[in-house]
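The values are calculated or read from the model by the stated rules, or taken from the named source; none is laboratory data. Remember, it's a predicted structure, so these values are computed and weren't measured experimentally. All Cβ positions, glycine included, derive from the backbone under ideal geometry; neighbour counts span all protein chains shown. Each accessible area value is taken on the protein alone, full model and side chains, heavy atoms only, with ligands, DNA and RNA left out. Shrake-Rupley method; radii C 1.70, N 1.55, O 1.52, S 1.80 Å.
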Amino acid sequence: MKARLLIIFSIFSIFFISFIQASPINQRSTDVCVKCKSYVPTSPLDSETAELRECLSYINGTIVYRNNDTYYESIKDCNCRIMIYPLAIIYVNNTKDIQEVINCGNLLNITVVVRSGGHSFENYSLGGKDGVLVIDLKNYNKITIDPIAQTAVVGAGNRVGPVYYTLNEAGFLFAAGSCPSVGVGGQTTGGGSGFIGPKYGMASDNILAAEVVLANGTILPVVDNSTHSDLYFAIRGAGNGGFGVITSITFQLYYIPPTMTWFNASYNISERQNVFDAFNECGPKLAENYSLYMTFLPNSIEEDNLCEYEGSNYTVFWAFGTFLGGEIDARNGLKNFLNHSAPIIEPTFNETTWWETLVRFSADGYSDALINPTFDPEAFKVKSFFVDPPGLSHEGLDALYNFINSVECKVVVMFELYGGGKVNDIKPGLTAFMHRHSLALLQLEMKLSGYDQDTIDECLAELKVFAEEFQDKYTSYYSYQNYMDRELKDWQHRYYGNHFEKLVKIKARYDPNNLFNWDQSIPPSY
Ligand SMILES: Cc1cc2nc3c(=O)[nH]c(=O)nc-3n(C[C@H](O)[C@H](O)[C@H](O)COP(=O)(O)OP(=O)(O)OC[C@H]3O[C@@H](n4cnc5c(N)ncnc54)[C@H](O)[C@@H]3O)c2cc1C
């Protein structure tokens, strides 16, 4: 078989870790990301800072003010499209430190925000606007496993990769997202979607309890259904919405399966309608052991999606996923989908271990990238859409295809199958995560590093117009709250549906003065 398919997994990984890796485009120029370095720090004699310094002087952890040498490093969050300049970043060591920061925020009337992994798409963990106090939880990195109870208490400042690693060493896994450098605190409380989600649900569905420090400094060591059922509801799907400082989370664990299989299939882009028909029709009927993703790029954006096969050239796109089990079962269960979707070459199936699958999927083949994750900021913008059954129509797919092939900035499209899985089995009213009816989550990631500012502005304007029309015409009303988008209209209901009003009441109970706030946090009144 004469085929030239470039390493498929380098493409797959784009979606999971490309945000943190240099792409050919951003190697050409990094001016957008360099912008933040030109910041001129505020004078340390600034009276506002002096008062603040006095107030924060009892803190045991490290404090980085605007005039510190490490300030730039400390505000280097994942997305450098928007730069935000907090007054100080406080690397708290204990709950007393957290209480001190909260106390100063209340006394001096300064907004307080929490940062775990710093991967908010809108940099809300730096406040989303200048002049706030950031409680950074990176020192909250303990992981305590109870193998009998099959649970783990995980410090909220951990990144997902090291948690997977520690659990794997003990024979367990937890349901979370795929990118290793994302923080546990932000991701798992705002949903947390990953490739074992169809079997075990969102990360937020697997939160059994949490420790939370409230806006008045009160420590709630156990927030669960029996102690604070309202707050417990909120932190499972809207925990990144400003209810308090979540310092640790108790997760349900699962045993690692003896074998795992990952697979991929390549398609001719001109066959996209048939392939998506198969995805819409067969996807929701797959066993919960499968994850399934579909992804495409603009035509011939780079060599990765060019394929020469039996003398002809194709632009390709991909289906890929995982199966909790061995290759034979994986092949059998996927037959219907593959028969209907007709890949251009024989699909690849690879039976391996849970850990190797993680390394492949999440870390581009490098286990160290999972164990010690790092990231380089990139400039990007993401739009998300929940697509309800029966799936995206032919016109919708055409609109999407035409858009990514007409806009100047590169857009990566990814569909993640939700239909038929555990996420949809859970009652919508049980947690603050209400997206329980969808067939797929669609994500558009526009890459902006390397373009000049005029082009970026044009691309963003085009994306905004496209996304609004597209959502009106072709998808459900809803978007994913972990993919925050500050220009999303009626985000309150698109993220939280009719839970929003309930969340406002809970916020009013636990943070009536709105100490923890940013553009898209839950307000105490509405
Ligand atoms: C490269 C990349 C890959 C991603 N992959 C996935 C994925 O596979 N699945 C998925 O579901 N999502 C994914 N996301 C989205 C991600 O889940 C969200 O951006 C999430 O909010 C990031 O969490 P964080 O702790 O890293 O971010 P932060 O920026 O630290 O926090 C995000 C928000 O949560 C709040 N917050 C953070 N920690 C706490 C806490 N301990 N207590 C209270 N509030 C807190 C912050 O104030 C902020 O508003 C990805 C994002 C990126 C950039």
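Rg and Dmax in Å for the chain, alpha carbons only: what are they?
Calculated on Cα positions, Rg and Dmax stand at 22.6, 73 Å.
If each residue of separation counts as 0.36 nm, what is the full-extension length gain between ASN339 and LYS142 once their alpha-carbon separation is subtracted? Don't skip to the end; give the middle numbers.
Working: separation 197, 0.36 × 197 = 70.92 nm, distance 4.69 nm.
That pair, ASN339 and LYS142, stretches by 66.2 nm at full extension.
Counting only helical runs of four or more DSSP H residues, what would the 222 nm mean residue ellipticity of the chain come to if each run contributes -39,500 (n - 2.57) and the total is spread over all its residues?
When only DSSP H runs of four or more count, the value is -9000 deg cm²/dmol.
A 24 angstrom limit on the alpha carbon distance is what I want to check against. Which of LYS199/LYS505; LYS96/LYS142; LYS96/LYS138 exceed it?
With Cα atoms farther than 24 Å apart: LYS199/LYS505.
How big is Rg to Rh over segment 178-246, alpha-carbon atoms, Rh as the Kirkwood inverse-mean-distance radius?
The Rg/Rh ratio comes out at 0.99.
Treating the angle as unsigned and between 0 and 90°, give the value, to the nearest 10°, between the Cα long axis of helix 272-282 and the longest Cα principal axis of the chain.
Roughly 70 degrees, rounded to the nearest 10.
List every residue whose amide H lies under 5 Å from the amide H of GLY365, counting only residues 5 or more places away in sequence or on a different chain, with H placed 1.01 Å from N in the peptide plane.
When sequence neighbours closer than 5 places are left aside, the close amide H contacts are ARG360.
Long-range amide H contacts for PHE172: which residues qualify at under 5 Å (H placed 1.01 Å from N, peptide plane, sequence gap of 5 or more or a different chain)?
So PHE172 has HN proximity to ILE256.
Relative contact order, percent, of segment 307-379 when contacts are C-alpha pairs under 8 Å separated by at least 6 residues?
The value is 17 percent.
Where both partners of a DSSP beta bridge lie in the chain, what percent of those bridges are antiparallel, to the nearest 5?
Of the beta bridges lying entirely in the chain, close to 90 percent run antiparallel.
On each of the three principal axes of the Cα atoms of segment 322-393, give max minus min coordinate, whole Å, ordered largest first.
Taking max minus min along each principal axis of the Cα atoms, segment 322-393 gives 40, 34, 22 Å.
What is the pair-distance distribution P(r) of segment 254-388, computed from all Cα-Cα distances in 10 Å bins starting at 0, with each bin given as a whole percent?
Histogram of Cα-Cα distances, whole percents per bin: 11, 34, 36, 18, 1.
What are the trypsin sites (Lys or Arg not before Pro) within segment 121-154 that DSSP puts in a loop, where the Cβ has at most 16 other Cβ atoms within 10 Å?
Working: sites: LYS129, LYS138, LYS142; in loops: LYS129, LYS138, LYS142.
Loop-located and lightly packed - LYS142.
How large is log10 I(q)/I(0) at q = 0.16, 0.22, 0.24 Å⁻¹ when the Debye formula is applied to the Cα atoms of segment 377-472, each weighted equally and without solvent?
-0.73, -1.08, -1.20
Quick one: accessible surface of GLU51, probe radius 1.4 Å, all protein chains present, in square angstrom to the nearest 10.
110 Å²
Among LYS381/LYS410; LYS381/LYS464; LYS383/LYS427, which pairs are too far apart, with a Cα-Cα distance over 19 Å?
Where the Cα-Cα span goes over 19 Å, the pairs concerned are LYS383/LYS427.
Work out how much length GLU51 to ASN225 would gain on full extension: take 0.36 nm times their residue separation and subtract the Cα-Cα distance, in nm to one decimal.
Extending this stretch completely gives an extra 58.6 nm.
I need the phi-derived Karplus couplings for segment 384-391: 6.51 cos²θ - 1.76 cosθ + 1.60, θ = phi - 60°, integer Hz, Gly and Pro marked x.
Result, ordered by residue: 10, 8, 7, 9, 8, x, x, x Hz.
Largest first, how would ARG331, ARG236 line up by accessible area (1.4 Å probe)?
The ordering from most to least exposed comes out as ARG331, ARG236.
If each of SER270 and ILE328 carries a label point 7 Å out from its Cα toward its Cβ, how far apart are those two points in nm?
4.0 nm
Testing the spin-label approximation: label points 7 Å from Cα along Cα→Cβ at ASN313 and LYS427. State their distance in nm.
Placing both labels 7 Å beyond Cα along the Cβ direction yields 5.8 nm.
Kindly sort HIS340, HIS394, HIS119 by accessible area of their heavy atoms, largest first, with the probe set to 1.4 Å. Present the calculation step by step, with values, prior to reporting the outcome.
Working: HIS340 110, HIS394 80, HIS119 30 Å².
The ordering from most to least exposed comes out as HIS340, HIS394, HIS119.
Once the dipole of the chain is set up with Lys and Arg at +1 and Asp and Glu at -1 on Cβ about the Cα centre, which of TYR293, GLY450, SER270 lies farthest towards its positive end?
Comparing the listed Cα positions along the dipole, TYR293 ranks first.
Can you send over the solvent-accessible area of TYR290, 1.4 Å probe, protein chains only, in Å² to the nearest 10?
10 Å²
Over all directions, the average projected area of the alpha-carbon convex hull for segment 62-217 comes to how many nm²?
Spelled out: convex hull of the Cα atoms, projected over all directions, averaged, 9.7 nm².
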